[in-house]
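The values are calculated or read from the model by the stated rules, or taken from the named source; none is laboratory data. Since the structure is predicted, the reported quantities are computational estimates derived from the model, not experimental observations. When we count neighbours, we look across all protein chains shown, and the Cβ atoms used for this are built from the backbone with ideal geometry, even at glycine.
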Amino acid sequence: MRPMLSRRRRPGLWAALAGAGLALAACGAAATRLPPLPPPTLARATPTDEMVVAVIGPGPTAHPTPQATPFALLLGEHLSAGGSFTQTETEAAGPMLCQIKRDSCAFSRLVADQNPDLLFSGGEPAPYDDEDHRMHPAMVMPLADLAARARAEWGEGVQIMVVEAYDSLLDHDNVQTNPALRYSLHFEGRSADLITWPADESRNGRLCILALEAGFTWVHQEGDHCHVSVQAESLCTACSPAGP
């Protein structure tokens, strides 16, 4: 008869077996765990990978870019020395401050242009027939320059004629029925109406551009003539702050 094994548990043996089972379980779990990912490798930049940096300048200003000077002005067009087709004569050349009266202090500051390279119409009755010669001193040099440009443009047979300059008869701005309220730089001698002689209205658009290049501040193609003006200190305050 085989001896029967004792069924009494041995605390030490069961503890050792339990610890071995836990260790095996732990090893099994560790065997299925994924390895950590390697650190990313930075690729060397190539010409196709490089970033393109765009430098954006300031936006457009409120001042319009001057347009290219045309060869000639169209009928009704006006242009300032700054290249603006929208600037008014007052904005470009300054406002009229007074109507200069004959024999006033300011009248004595006007000059009589006697340049032999220019023609003067003298269309007003005496004693006003000298007024096409009379003008602000700042008008003289641009007119002399323009006379030379006209000869170079159209030949020696073509001259500049001044048909209107200073005007004491207030024969401008005639839409204003009250002469005392009429407004024109002709009344200060700071503007003139010009044509070429022999007369040819087809040249007036080009004449305006030549006048601008000669030093006038503002020009206006008025069809039968080119109107020009200069920015200069008004003679109205030359003798006294109150004017002539």
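Below, the figures for the structure above:
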quantity: Only one of Glu201, Glu222 that is free of Cβ contacts under 8 Å to residues at least 24 places away in the same chain and in contact with a strand residue (DSSP E or B) (Cβ under 9 Å, 6 or more places away or on another chain); calculated: Glu201
quantity: Val162 touching a Phe, Trp or Tyr at 6+ places or on another chain (Cβ under 9 Å) and under 20 Å from His78 (Cα atoms); calculated: yes
quantity: Filtered residue count, region 155-175, keeping only those that are buried (at least 19 other Cβ atoms within 10 Å of the Cβ) and either touching a Cys at 6+ places or on another chain (Cβ under 7 Å) or not in a strand (DSSP E or B) (or both); calculated: 4
quantity: So Ala152, is it in contact with a Leu (Cβ under 6 Å, 6 or more places away or on another chain), of a type in the set (Gly, Ala, Ser) and part of a helix (DSSP H, G or I); calculated: no
quantity: Filter result for the condition that a residue is touching a strand residue (DSSP E or B) at 6+ places or on another chain (Cβ under 6 Å) and surrounded by fewer than 16 Cβ atoms within 10 Å (Cβ to Cβ), over Ala112, Ala152, Ala126; calculated: Ala112
quantity: Subset of region 123-149 that is of a type outside the set (A, V, I, L, M) and part of a loop (DSSP other than H, G, I, E, B) - its residue that is modelled with the lowest pLDDT; calculated: Gly123
quantity: Count of region 176-198 residues which are free of Cβ contacts under 8 Å to residues at least 24 places away in the same chain and either assigned to a loop (DSSP other than H, G, I, E, B) or touching a Cys at 6+ places or on another chain (Cβ under 8 Å) (or both); calculated: 3
quantity: Top-ranked residue in region 176-220 [being among the aromatic types (Phe, Trp, Tyr) and under 15 Å from Gln231 (Cα atoms); ranked as surrounded by the fewest Cβ atoms within 10 Å (Cβ to Cβ)]; calculated: Phe187
